[in-house]
Amino acid sequence: MATHETKPDIISSGAGLAAAVALESGPELGEGTEPVRARGYWEQVWIRFRKDKIAIAGGVFIILLILAGFVGAPIAAHLLGHGPGDLFTYGLDPNTQLPVGPMTHISLAPYVGATGDFGTTLLVLGGDSQLGRDEFLRLLYGTQVSLEVAVLATILSMFVGVLMGSMAGYFGGSIDTIVSRLTDITMAFPILLFIIALASTAGPRLDSITFGVFEHGVITLVLILGFFGWYYPARIVRAQVLSLREKEFIEAARMVGSSDWRIIRSHLVPHLVAPIIVLSTITVAQFVLAEAGLSFLGVGIKEPVASWGSLLAQGPNYYLTQPWLIVWPGLMILFATLAFNLLGDGLRDAFDPRSSR
């Protein structure tokens, strides 16, 4: 019986070790294995970010905070049957003349001793001050105001900072010098004295600018915080652009005739998305504290508009008798700033490919 020997395949001497291994292994090599799928940049960022449970918790809290302020506040006002600015005679204890405590049902009578059936309402967190307003509703509506100031001021400061930093880093020379000197002046400017002086002069007229959407004083704080907070983003962006402008893809864009503004808009700014996002989350936390501090001093959001800072300003009058008037807005400020900072730290680690998390 004739036997047939298979003639071995001949490979060239320059084919290398990989070709030899493939030839010896035959078609079995790689069978049953799944193909490796390439992951994009943003997918890798999400994979790294979702491993940070603390940052995820911070993001979830921020989402709940936004829902509570912008969705929950009107719903709560509808269910309770009154608004955050409604005054209640029985919001003060008739005996002690102090704001009533949490979970207190009070009469809607217009004055003490009034006869008739006026009904009752519930003050979930008690009264807020000598005016007897609902602390719970004012806390929810104050969330709207504080977040509006912080987020809008962050958007304005980041826009100005990215614009100025990109110009300084890309063009260099005299433009870089001018922007750097403006940055130094802004850093050294006594912003608190400026705000106090502004509040005592043009403050009422500026506070009346609402565009039919915002509460009184919001636009004023947004403009002040935004235009005095752009210097730090500008310095970060300038440093990034200085390292990017000599890259090969920028040289290629110049060679094909792209204008300077097109290069900045289409080639430099997309590479700045990661630091901009991280810096924005941290800046929001800083502006939440700034709004609270200015409103506590009486030069930010003013009565009767509710914000975390203006609510906190009522607390020192009752810190021995009704300490919860300090606790509630203080906890909101603490948890909000902590959540934004934790989210920013998680995003920074996620955008960094060298992260160990």
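Before moving on, here are some points about what is shown:
- Each Lys and Arg adds +1 at its Cβ and each Asp and Glu adds -1 at its Cβ; summed about the Cα centre, the chain shows a dipole of about 700 debye.
- Calculated mean residue ellipticity, 222 nm, the chain: -18500 deg cm²/dmol, from DSSP H runs (n ≥ 4) at -39500 (n - 2.57) each, averaged per residue and rounded to 500.
- Here the 3J(HN,Hα) profile of the stretch 100-117, calculated from phi with Karplus coefficients 6.51, -1.76 and 1.60 at θ = phi - 60°, is 5, x, x, 6, 10, 8, 10, 7, 8, 4, x, 7, 5, x, 5, 9, x, 9 Hz, Gly and Pro shown as x.
- Taking the average, over residues, of other Cβ atoms within 10 Å as the packing measure, peptides 336-349, 318-331, 93-106 rank 336-349, 318-331, 93-106 from highest down.
- At least 30 Å along the helix axis (C-alpha) and Kyte average at least 1.0, DSSP helices within the chain: 135-171, 273-297, 324-351
- Rg/Rh for the stretch 112-223 (Cα atoms only, Rh after Kirkwood) is 1.21.
- The stretch 195-259-the stretch 298-319 distance, computed between alpha-carbon centres (Å): 28
- Candidates V162, V112, V288, ranked by Gaussian network fluctuation over the chain, Cα under 10 Å, top entry: V112
- Packing-based order for 306-315, 144-153, using average beta carbon neighbours within 10 Å, highest first: 306-315, 144-153
- For the peptides 126-134, 197-205, residues were scored by their other Cβ atoms within 10 Å and the scores averaged per peptide; the highest-first order is 126-134, 197-205.
Since every read-out is calculated from the coordinates, none of them should be taken as a lab result. Just so you know, these numbers come straight off a predicted model, no measurement behind them. Methodologically, a virtual Cβ is constructed for each residue, glycine included, from the backbone with ideal geometry; neighbour enumeration extends over all protein chains shown.
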